[in-house]
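Reviewing the structure listed below.
The values are calculated or read from the model by the stated rules, or taken from the named source; none is laboratory data. Worth saying up front: this structure is predicted, and the values here are computed from it rather than measured. Don't worry about glycine lacking a Cβ; one is built from the backbone with ideal geometry, like all the others, and counts go over all protein chains shown. When the accessible area is computed, the model is the full protein with side chains, heavy atoms only, and any ligands, DNA or RNA have been set aside. Shrake-Rupley method; radii C 1.70, N 1.55, O 1.52, S 1.80 Å.
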Amino acid sequence: MHDLGFFRANYDQIAGRLTTRGPVAGLDQFRELDQRRRAVITEAEELKARRNVESAEIAKLRKAGSDTSERQQQVREIGTLISELDEQTKKLDEAFRELMATIPNLPHESVPIGAGAEQNVEVRRSGEPRKFDFEPKAHWDLGPELGILDLERAAKVTGARFAVYWGLGARLERALINFMLDVHTREHGYTEVLPPFLINSASLFGTGQLPKFADDLFKCEKYDFWLAPTAEVPVTNLYRDETLDTERLPISLCAYTPCFRSEAGSYGRDVRGIIRQHQFQKVELVKFTRPDQSYEQLEKLTADAEDILRRLGLPFRTMVLSTGDIGFSSAKTYDIEVWLPGQNDYKEISSCSNFEAFQARRAGIRFKGPKGKAEFVHTLNGSGLAVGRTWVALVENYQQKDGSVVIPEVLRPYVDAERIVKDGLK
């Protein structure tokens with residue numbers, strides 16, 4: 001959420017920057033609402049001044065023994081008008097809060113301007129796609145053939161866009177979670193936290209999912225509980241309405257959670273396999289920083305996520321998203337895309353974002369600045385990594401001509417195997 005005073009004072013400049021994202025609903029309404037609110041407040045203040053003058057005059061007349069009943073009635077009528085105007089102001093303030101909650105964050109000045117993904121800019125690339133001496137298979141064929149992935153039984157149990165992992169497939173998923181958590185906590189300096197997987201509406205408002213993206217979420221009937229779409233939400237909200245000690249910053253946390261998304265509006269995209277699921281596992285990285293250190297920490301967070309892919313020997317590229325492609329709450333985002341030979345394409349496996357004070361203002365997360373004044377922290381997060389997509393990348397990149405899949409050496413202690421072959425567990 002934006003600072004209302006700053007937004008009002010710099011409207012033209014802010015509106016110009018926001019429109020680089022594309023059409024932003026609410027900008028014209030902001031100016032109209034602001035003018036109405038100012039007019040109501042001005043009228044109320046004028047009436048209060050008039051009431052004060054009349055009240056003072058009535059006191060003088062009463063002291064002189066004059067009849068003031070008519071003027072007192074006029075003052076009461078003025079008071080009624082003031083009460084009505086104060087009520088209008090409250091309603092306009094509430095409309096302001098609702099409107100401001102729907103206006104996205106300002107893109108950072110370093111973000112390339114563009115209408116969408118076509119204007120994203122590649123900033124680096126690591127590794128070369130493997131050259132196969134056979135036609136590589138996609139995971140939706142290879143997984144079932146090996147007996148490690150079952151989409152048909154998942155659809156029977158729940159529905160489309162769910163998966164069942166069998167045997168070494170399930171063990172590989174668990175191994176990736178443990179491997180990522182170990183690297184991030186032991187070598188990258190993160191503290192592990194296991195948050196609730198159910199979250200309330202206030203948490204989703206704090207990180208920007210509500211009210212705008214309610215259709216992308218799963219809500220529990222009869223309760224103010226939602227299934228977490230990402231660990232970003234519960235972990236960021238651990239410090240909601242708190243003031244952090246400056247000496248603690250930056251705070252770096254990592255968490256494993258299952259994630260649940262309705263994927264509203266994504267019909268027809270990545271419908272095969274497990275690239276886009278309603279339920280998936282993810283290891284998330286979250287940071288709380290001072291404003292002057294947040295962009296340095298964004299580079300570190302992105303490098304930490306990239307490091308997992310390097311250790312796994314997976315080719316990837318890192319893109320900085322254009323103004324038309326960054327998320328609602330983000331000021332700047334890097335997408336890390338892993339190479340999938342079965343699909344002959346790069347697919348996003350991590351988004352690393354700096355939200356600046358946008359989330360912190362919504363969630364009330366502050367720190368004591370150098371002069372002792374409370375300021376909003378900057379929040380950052382990124383996938384470190386999306387586990388299911390990493391599973392896909394490993395299976396597709398390490399597949400062999402005989403249909404088996406070699407397990408990278410760094411994962412073998414976690415999996416207790418060197419290769420995945422058809423295991424016949426079903």
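What angle do you read, to the nearest 10 degrees and between 0 and 90, between the alpha-carbon axis of helix 69-100 and the longest principal axis of the chain? With both axes taken from Cα atoms, the answer is about 10 degrees. Treating each Cα of region 228-328 as one equal point scatterer and applying the Debye formula with no solvent, the log10 of I(q)/I(0) at q = 0.14 Å⁻¹ comes out as -0.76. Above 14 angstrom, tally the Cα pairs of region 299-340 and express them as a % of all pairs, no decimals. The share of Cα pairs beyond 14 Å in region 299-340 comes to 51 percent.
When peptides 351-359, 407-415 are sorted by average Cβ neighbour count within 10 Å, with the highest value leading, the order is 351-359, 407-415. Take the chain with all the other protein chains still there, run a 1.4 Å probe, and you get 48 Å² of accessible area per residue. Taking only protein heavy atoms and a 1.4 Å probe, the accessible area of region 318-426 is 44% carbon and sulfur. Remark: accessible surface ordering of 346, 256 (largest first) is 256, 346, probe radius 1.4 Å. Among the listed pairs 401/422; 156/219; 347/422; 300/368, a Cα-Cα separation exceeding 18 Å is found for 156/219; 347/422; 300/368. Within the same chain, aspartates and glutamates fewer than 8 places from residue 60 are excluded, and of the rest, those with a Cα less than 15 Å from its Cα are 70.
Ranking 235, 406, 123 by solvent-accessible area of protein heavy atoms (1.4 Å probe, all protein chains present), from largest to smallest, gives 123, 406, 235. Measuring with a 1.4 angstrom probe and ignoring ligands and nucleic acids, residue 48 comes out at about 80 Å² accessible.
Given R₀ = 45 Å, what would the calculated FRET efficiency be for residue 317 paired with residue 84, taking r from the Cβ atoms and rounding to 0.05? After rounding, the FRET efficiency stands at 0.15.
What is the sum of charges around residue 324, taking Lys and Arg as +1, Asp and Glu as -1, for the other residues whose C-beta is under 10 Å from the C-beta of residue 324? Local net charge: -1. What part of the accessible area of region 136-183, given as a whole %, is carbon or sulfur when the probe is 1.4 angstrom? Here carbon and sulfur together make up 54 percent of the probe-accessible area.
Run lengths n ≥ 4 of DSSP H only: what is the helix-derived mean residue ellipticity at 222 nm for the chain, with -39500 (n - 2.57) per run over all residues, to the nearest 500? The partial results should precede the final answer.
Numbers: 13 runs with 170 residues, N = 426.
For the chain, the value works out to -12500 deg cm²/dmol.
In region 327-369, Cα pairs under 8 Å separated by at least six residues give a relative contact order of 38 percent. How far is helix 387-397 tilted, in degrees, relative to the longest principal axis of the Cα atoms in the chain, given as a value from 0 to 90 rounded to the nearest 10? So the inclination is approximately 30 degrees. Calculated over region 118-158, the projected area of the Cα convex hull averaged across directions stands at 6.0 nm². For the pair region 280-334 / region 1-76, the C-alpha centres are spaced 44 Å from each other.
In this entry, region 152-239 is assigned a mean projected area of 7.8 nm², taken as a quarter of its C-alpha convex hull surface.
Take every Cα pair under 8 Å in the chain that's 6+ residues apart, average their separations, divide by the length, and report that relative contact order as a whole percent.
21 percent
The orientation-averaged shadow of the Cα convex hull for region 297-371, equal to a quarter of the hull surface, comes to 6.9 nm².
Set the Cα radius of gyration of region 308-426 against 2.2 N^0.38 Å, with N its number of residues, and you get 1.47.
Three principal axis extents describe the C-alpha atoms of the chain; from largest down they are 109, 47, 37 Å. Summarising the strand pairing of the chain, around 95 percent of its internal DSSP beta bridges are antiparallel.
Once the other residues with Cβ under 14 Å from the Cβ of residue 124 are scored (Lys, Arg +1; Asp, Glu -1), what is the net sum?
On the way: positive: 125, 310, 317; negative: 122, 128, 299, 306, 307, 335, 337.
Result for the local shell: -4.
The packing ranking, built from the mean of other Cβ atoms within 10 Å per residue, places the peptides 71-80, 306-315 in the order 306-315, 71-80, highest first. Excluding same-chain neighbours fewer than eight residues apart, the lysines reachable from residue 91 by a Cα-Cα span under 21 Å are 48, 212. How big is Rg to Rh over region 72-133, alpha-carbon atoms, Rh as the Kirkwood inverse-mean-distance radius? Value, to two decimals: 1.55. If the viscosity is 1.306 mPa s and the temperature 10 °C, what Stokes-Einstein diffusion coefficient in µm²/s follows for region 32-181 when Rh is the Kirkwood radius over Cα pairs? Reported coefficient: 66 µm²/s. Local charge for residue 107 was computed over the other residues whose Cβ lies under 12 Å away, with Lys and Arg +1 and Asp and Glu -1, and equals 0.
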